[in-house]
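Here is the structure we will look at, set down as structure tokens.
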Amino acid sequence: VQLQASGGGLVQAGGSLRLSCAASGRTFSSYVVGWFRQAPGKEREFVTSISRSGGSTYYADSVKGRFTIARDNVKNTVYLQMSSLEPEDTAVYYCAARSGEYISRSAYDYDYWGQGTLVTVSS
């Protein structure tokens, strides 16, 4: 599966953005999808992940209550709605996919990665 992340940009603190992760292929519903982010000088970190059906989701504590992940398996797209953005959310955001049922929070478990989209939150 090939992934294409989009929707990043510059936003003021307190604002919102919606990222999209569009996937190729007809078996998108077979993949767990996660979002990760990497800030300058920091390691890549887990943000959120969603089950194949969309019925189960997990969030990092730092974004819980502010970010929402959802998927549309007909459109082969996963969305990340980000609200109440903070300067600490500034990073390149990557979507990733893995086959199977396990909804992993570890980047090492994901086999397919999009190219990343930059989110910059100004104070």
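Annotations for the structure displayed:
- Springs join every pair of Cα atoms under 10 Å in this Gaussian network model of the chain, and among A13, A22, A70 the largest mean-square fluctuation is at A13.
- Among the chymotrypsin sites (Phe, Trp or Tyr not before Pro) found in segment 11-120, those both in a DSSP coil and sparsely packed, with 15 or fewer other Cβ atoms within 10 Å of their Cβ, are Y102.
- Using a Förster distance of 35 Å, the FRET efficiency for S99-A39 (Cβ separation, nearest 0.05): 0.80
- Gained length - S84 relative to Q115, 0.36 nm times residue gap less alpha-carbon distance: 8.7 nm
- Between segment 1-70 and segment 103-120, the alpha-carbon center distance in angstrom: 8
- Note on S24/A60: beta-carbon distance plugged into 1/(1 + (r/R0)^6) with R0 of 22 Å gives a FRET efficiency of 0.20.
- Per DSSP, loop trypsin sites (Lys or Arg not before Pro) in segment 1-43 with at most 11 further Cβ within 10 Å: R26, K42
- At most 11 other Cβ within 10 Å, DSSP loop - trypsin sites (Lys or Arg not before Pro), segment 43-80: K64
- Computed over the chain, relative contact order equals 37 percent, with contacts defined as Cα pairs under 8 Å that lie 6+ residues apart.
Read-outs throughout are calculated quantities, based only on the coordinates presented, and are distinct from any laboratory measurement. Note that the coordinates shown come from a computational prediction; the quantities given were computed from them, not determined experimentally. Please note: Cβ atoms are built from the backbone with ideal geometry, for glycine as well, and neighbour counts cover all protein chains shown.
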